[in-house]
1. Taking only protein heavy atoms and a 1.4 Å probe, what accessible area per residue, in Å², does the chain have with all protein chains in place?
2. Determine the percent antiparallel among the DSSP beta bridges restricted to the range 40-142, to the nearest 5.
3. Once both labels are modelled 7 Å past Cα along the beta-carbon direction, what's the Cys18-Phe4 spacing in nm?
4. Set Lys and Arg Cβ to +1 and Asp and Glu Cβ to -1, take the dipole of the chain about its Cα centre, and tell me which of Thr104, Phe36, Ile130 lies farthest positive.
5. Students often get this wrong: which residues of the range 16-50 have the backbone nitrogen under 20 Å from the point 7 angstrom along Cα-to-C-beta of Leu67?
6. Taking only C-alpha pairs under 8 Å that are 6+ residues apart, what is the relative contact order of the range 26-136 in percent?
7. Can you list the DSSP H helices in the chain whose Cα atoms extend at least 20 Å along the helix axis and whose mean Kyte-Doolittle hydropathy is 1.0 or higher?
8. Give the carbon-plus-sulfur fraction of the accessible surface of the range 9-53 in %, rounded to a whole number; probe 1.4 Å, heavy atoms of protein chains only.
Amino acid sequence: LPWFWIAVMIICIVIESCTFSLTTLWFACGAFLSIFISLTPLPFRWQVLIFAVVSCLLLILTRPLLLKKMQERKESRTNVDSLIGKKIQVTKNISQFSKGEIKTNGIIWSAESEDGSEISEGTVCVIVKITGNTLTVKPENK
């Protein structure tokens, strides 16, 4: 009987590795527990019941937590986000109708003013926001 539960566990792991749905993973855990339960004199129907209850409880109680943790990892900040709040110097004038340029870490970025005002070359600014490859800046003294 332990071989039956080993087979169930392997099948669940294979399905989970193909789907990444975090569903059959909990049934694999239930099957793992059932391997040890099958070594006792407990009848097979009770083993199946314990397998189903444990697997469903794991699915209901732990899957949402794991999904939330995985979502948090996806939303982690990137290296570009570390530029926000950094002081930089404008290398090409920024006007209301045209983007200027700034240079930070050896990279030239398109830049626009936060409030649409003109910012002249050489002005020290703070990066407020990043949209695509354009940095939104405001003069440091504002």
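1. On the way: 9520 Å² over 142 residues.
With all protein chains present, the chain gives 67 Å² per residue.
2. Numbers: 17 of 21 bridges.
Once the DSSP bridges in the range 40-142 are tallied, antiparallel ones form about 80 percent.
3. Inter-label distance under the simple model: 2.3 nm.
4. Phe36
5. 16-30
6. Values: 141 pairs, mean separation 22.1, N = 111.
Averaging sequence separation for qualifying contacts and normalising by length gives 20 percent for the range 26-136.
7. Working: long enough: 2-19 (26 Å, 1.89); 44-74 (42 Å, 0.78).
Sorted by number, the helices that extend far enough and score high enough are 2-19.
8. Numbers: 2380 of 2780 Å².
Its accessible area is 86 percent carbon and sulfur atoms.
The values are calculated or read from the model by the stated rules, or taken from the named source; none is laboratory data. Quantities reported herein were computed from a predicted structural model and do not represent experimental measurements. Virtual Cβ from ideal backbone geometry, glycine too; neighbours counted across all protein chains shown. We work out accessible area using only protein heavy atoms, side chains counted, and drop any ligands, DNA or RNA first. Shrake-Rupley method; radii C 1.70, N 1.55, O 1.52, S 1.80 Å.
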